[in-house]
Amino acid sequence: SIFTKQRKPMQNRITQILNIKHPIVQAPMSWLTDAHLVASVAEAGGLGFLAPHAGQTTNPNSNDEVIERMRAEIRKVKALTDKPFGVPFILSYDFSLIPHMVELMIAERVPVVLDNGLLDPAIYAKFKQAGIKIICRLPNPNLADALKAQELGADILVLTGFDEGGTLPMKEVGSFNVLAEFVGKVDLPIVLAGGLADKRSVQASMLLGAEGVWIGTAFIATKECRASEKVKQWIVGATANDLLLFRTEPYYYRSLPTELAKKCFQMSESGASRADIAKVMNAGTGMRLGMLEGDFDNGYVSVGNGIGAIDRIKSVQELIDELMS
């Protein structure tokens, strides 16, 4: 059974489509990814994603700088590994960047791209023509959009439950329940996201119909991740009961109880508007301060509900071996 197999490649549609050894996908996590982490995931047999601020410590001054930063980081990954990796083509709420990102990924021959639910037929056609694999991750999983992604030519569908870290879906539905709504209703292979951090949650995901898993928080607690060591140690010592959940525009967030997170939580509990909470949270900068720099007064630490399964800092190789054991 899946529970007794030794550590060996689990070949399925996900591994075949992506040309990887294990059906493990490392989530793009804004400031917390860089070429070193992504290449380490690739060398360990998974698929790593660069993120909007991969490898950076400051906000960009222009869209041109965003593109050139990403071009440099893509080339760093290629210098470190010849294995597949991915990049999202939506890097911010400034959609004027998207055509330039699409051009960049085609020019740099990025093996895999991530669509965070834009579902643009022209963009899909360009990537398909270039032979680039498309993973579609719907911010709010629903069958209509999943079927549209399938029709447009997406290769893989990511379903995200409310147990995840980062930007949460609008509906408060747990990861396994989200998965149950889609299995058998779409032809695309499904990667499940949200609160998965150990081999038992991987096993459960596979048994319930997923063919791959999307891992975020567990990769933060690895030696190769550029997150603050203070953050990593806090993750190791915390459980889901420590997390604070609050509303923000337009979604929900959860965080370890930094001073900023406590303020956002209190505002949420007292009925403050999502827009006002979003201003205080200061999403991009708040994550950099909290998770990259370890400033718990002015930043937040966004993690998923699977945090209790993380008991030590591991290498990427150790983590992937354990997830697949």
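The values are calculated or read from the model by the stated rules, or taken from the named source; none is laboratory data. Predicted model, so just to flag it, every value in this text is computed and none were measured. Ideal geometry is used to build each Cβ from the backbone, glycine not excepted, and the neighbour counts take in all protein chains shown. Side chains included, ligands, DNA and RNA excluded: accessible areas come from the protein's heavy atoms. Shrake-Rupley method; radii C 1.70, N 1.55, O 1.52, S 1.80 Å.
Shape analysis of the stretch 174-325 places it in the oblate category; the axes a ≥ b ≥ c from the Cα gyration tensor give an a/c of at least 1.5, with a/b not above b/c. The magnitude of the dipole of the chain, with charges of +1 and -1 set on the Cβ of Lys/Arg and Asp/Glu and taken from the Cα centre, is near 660 debye.
Split the accessible area of the chain by element, probe 1.4 Å, and carbon with sulfur accounts for 49%. Per residue, the average separation of C-alpha pairs within less than 8 Å and at least 6 apart gives the chain a relative contact order of 17 percent. Relative to one another, the C-alpha centroids of the stretch 46-121 and the stretch 152-202 are positioned 23 Å apart. Amide hydrogen proximity for Gly304: with H placed 1.01 Å from N in the peptide plane, the residues at 5 or more positions away or on another chain lying under 5 Å are Gly165, Thr217.
Placing unit charges on C-beta atoms (Lys and Arg positive, Asp and Glu negative, everything else neutral), compute the dipole magnitude of the stretch 144-212 about its Cα centre in debye, rounded to 20.
140
Semi-axis lengths, largest first, of the ellipsoid equivalent to the stretch 25-165 are 22, 17, 16 Å, with √(5λ) applied to each eigenvalue of the Cα gyration tensor. Of the trypsin sites (Lys or Arg not before Pro) in the stretch 213-300, the ones in a loop by DSSP (not H, G, I, E or B) with at most 16 other beta carbons within 10 Å are Lys223.
Restricting the count to DSSP beta bridges whose residues both fall in the stretch 190-323, what percent are antiparallel, rounded to a multiple of 5? Once the DSSP bridges in the stretch 190-323 are tallied, antiparallel ones form about 55 percent.
Select from the stretch 79-183 those chymotrypsin sites (Phe, Trp or Tyr not before Pro) which occupy a DSSP coil region and have at most 13 other Cβ atoms within 10 Å, ordered by residue number.
The qualifying sites are Tyr93.
Near Thr285: Cβ cut-off under 12 Å, other residues only, Lys/Arg at +1 and Asp/Glu at -1. The net charge is 0.
Let me make sure I get this right: for the chain, a, b and c are the square roots of the gyration tensor eigenvalues over alpha carbons, sorted descending. Under 1.5 in a/c it's rounded, otherwise prolate if a/b > b/c, else oblate. Which is it? Here the chain falls in the rounded category.
Taking a sphere under 15 Å around the Cβ of Pro141 and counting the other residues whose Cβ falls inside, with K and R at +1 and D and E at -1, yields a net charge of -2.
Below 8 Å, C-alpha to C-alpha, sequence gap of six or more: please give me the relative contact order for the stretch 96-140 in percent.
Values: 37 pairs, mean separation 19.5, N = 45.
The value is 43 percent.
All other residues whose Cβ lies under 14 angstrom from that of Pro189 are scored, Lys and Arg at +1 and Asp and Glu at -1, for a net of +1.
With viscosity set to 0.890 mPa s at 25 °C, what whole-number translational diffusion coefficient in µm²/s follows for the stretch 101-178 from Stokes-Einstein and a Kirkwood radius over Cα pairs?
Values: Rh = 13.2 Å.
Here the translational diffusion coefficient equals 186 µm²/s.
For the stretch 148-265, a simple Cβ point-charge model (Lys and Arg +1, Asp and Glu -1, everything else neutral) yields a dipole of about 400 debye relative to the Cα centre.
Across the stretch 253-325, C-alpha contacts under 8 Å between residues 6 or more apart give a mean separation that, scaled by the residue count, equals a relative contact order of 36 percent.
Checking every one of the chymotrypsin sites (Phe, Trp or Tyr not before Pro) in the stretch 248-325 against DSSP loop status and a limit of 16 other Cβ atoms within 10 Å picks out Tyr251.
For the stretch 192-325, report the accessible area per residue in Å² (1.4 Å probe, heavy atoms, rounded to an integer).
38
The count of lysine pairs in the stretch 128-210 that are at least 8 places apart or cross chains, and whose C-alpha atoms lie under 22 Å apart, stands at 6.
For Ser315, the accessible area of its heavy atoms, probed at 1.4 Å with every protein chain present, is near 20 square angstrom.
In this structure the amide hydrogen of Gly48, modeled in the peptide plane, comes within under 5 Å of the amide hydrogens of Gln26, Ala42, Gly86, none closer than 5 places in sequence on its chain.
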